[in-house]
Amino acid sequence: MKIHYTYILAFLLLTSCEEKESTSPIKKNIQEVVFASGTMEMEDEYMVSALTDGLITSLEINEGDIIKQNQVIAILDNEVQSNQAKDAQIIFNDSRLNASPQSSQLQNLKSQINQAKEQLAFDKNNYLVYKELWDKKSVSKLDFEKMKLQYEASQNNLSGLEENYNDLQKSLNLAVQRNQVQLNTQKALLNDYILKSTSPGQVMNVYKKSGELVRKGEAIAKIGQGDFIIKLFVSEEDITKIQLNQTVIVSINTYLDRTFEGKVSKIHPSFNEAEQSYIIEAKFDELPEKLFSGTQLQANIQTGKKNDVLLIPTPYLKNNKVHLENGDVVDVEVGFSDSKWTEIKSGISENDIIIKQ
């Protein structure tokens, strides 16, 4: 009798396909984590941006350069502003000269005051003589009154000249102050055309070239210093789970075959609109051999541990229901879940056998 093995094999395959996979829940100790993506940055990074519109006439740095504080980064075309600053300097110097005691205006008034003092002394002396004669009835009242009026007129003339001198001096000093403000303003505007570093560091990126036109606010270079930090973006539903000093397991795109550990070092206090997430920072326990600012990375932040957690493979769960071996469909309460495992808080036990649908 000839046996058709092909039919037998097909029957066995059909039978095995109809058998569904099954398993039982298991209890394990698990580590709760929050996933976050992010980038590598230096601890203190800042942009050097144009403070005014202009043409870059000189670019003083290259990527990778180590720079000092207040080092010149770039110079913009400043011919017009330079001429305005020079003009303001000339006006200021002229006003200072006018306000000095040797100025022609003040010297002229000073000369008039000295003459008025001499005239007052002469008229005062005559007045005293005539007063003494008047007391002795040796001169007429008309002559005495005339001399008295002359003396008072000399007093008033001197007071008026001294007041004019003080007013002119105040006016000239005020002009000096105003011109000083204008000069400082023009110098400050001129300084806007010379871009300098605010702190020492390394040139991370240079975004412009010599000869390019830049607009006010445009970035010309990025400077960084300090240790590298892990900058992570955390979703709104996870931010309350994050605390300082929690362990962070980091996978860096430049080291795909390795992971690195660190600790949460900073939690930014507000929601970042640009990133549409909360931002936290972490520091490495031990720095990798070579790092680059801007490198993409992913991280798991360890937020807590749970012991004796009942777990099932996630593919066995559908709409928070599981199928038992006896055909029952049971609602379960779930907790932690990822692509591999799901925590079961209630509904089934270790003794149940569940079927994968």
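The values are calculated or read from the model by the stated rules, or taken from the named source; none is laboratory data. Computed from a predicted structure; not experimentally measured. For neighbour counting, all protein chains shown are included, and Cβ atoms are generated from backbone atoms with ideal geometry for every residue, glycine included. Accessible surface is based on the protein model in full, side chains and every heavy atom, while ligands, DNA and RNA are left aside. Shrake-Rupley method; radii C 1.70, N 1.55, O 1.52, S 1.80 Å.
Structural remarks
- Filter pass, ASP227 being among the charged types (D, E, K, R) and more than 30 Å from GLU289 (Cβ to Cβ): no
- VAL322 vs. criteria free of Cβ contacts under 8 Å to residues at least 60 places away in the same chain, touching a Leu at 6+ places or on another chain (Cβ under 8 Å) and either within 21 Å of ASP44 (Cα to Cα) or not in a loop (DSSP other than H, G, I, E, B) (or both): no
- Residues (of a type outside the set (A, V, I, L, M) and buried (at least 17 other Cβ atoms within 10 Å of the Cβ)) located in region 304-334: TYR316, HIS323
- Flag for LEU291 being touching a strand residue (DSSP E or B) at 6+ places or on another chain (Cβ under 9 Å) and open to solvent by less than 70 Å² (accessible area, probe 1.4 Å): yes
- Per-region count, region 277-288, residues open to solvent by 40 Å² or more (accessible area, probe 1.4 Å) and either modelled with pLDDT under 90 or more than 19 Å from the chain's Cα centre (by Cα) (or both): 4
- Meeting the requirement of 1 or more residues that are touching a residue at least 60 places away in the same chain (Cβ under 8 Å) and of a type in the set (Phe, Trp, Tyr), the strands (runs of 3 or more DSSP E) wholly within region 211-307 are 219-234.
- Matching residues, region 337-355, being of a type outside the set (Gly, Ala, Ser) and either open to solvent by 70 Å² or more (accessible area, probe 1.4 Å) or within 46 Å of the chain's Cα centre (by Cα) (or both): ASP338, LYS340, TRP341, THR342, GLU343, LYS345, GLU350, ASN351
- Against the list (1) more than 30 Å from GLN225 (Cβ to Cβ); (2) open to solvent by less than 70 Å² (accessible area, probe 1.4 Å); (3) within 38 Å of the chain's Cα centre (by Cα), the condition ALA99 fails is (3).
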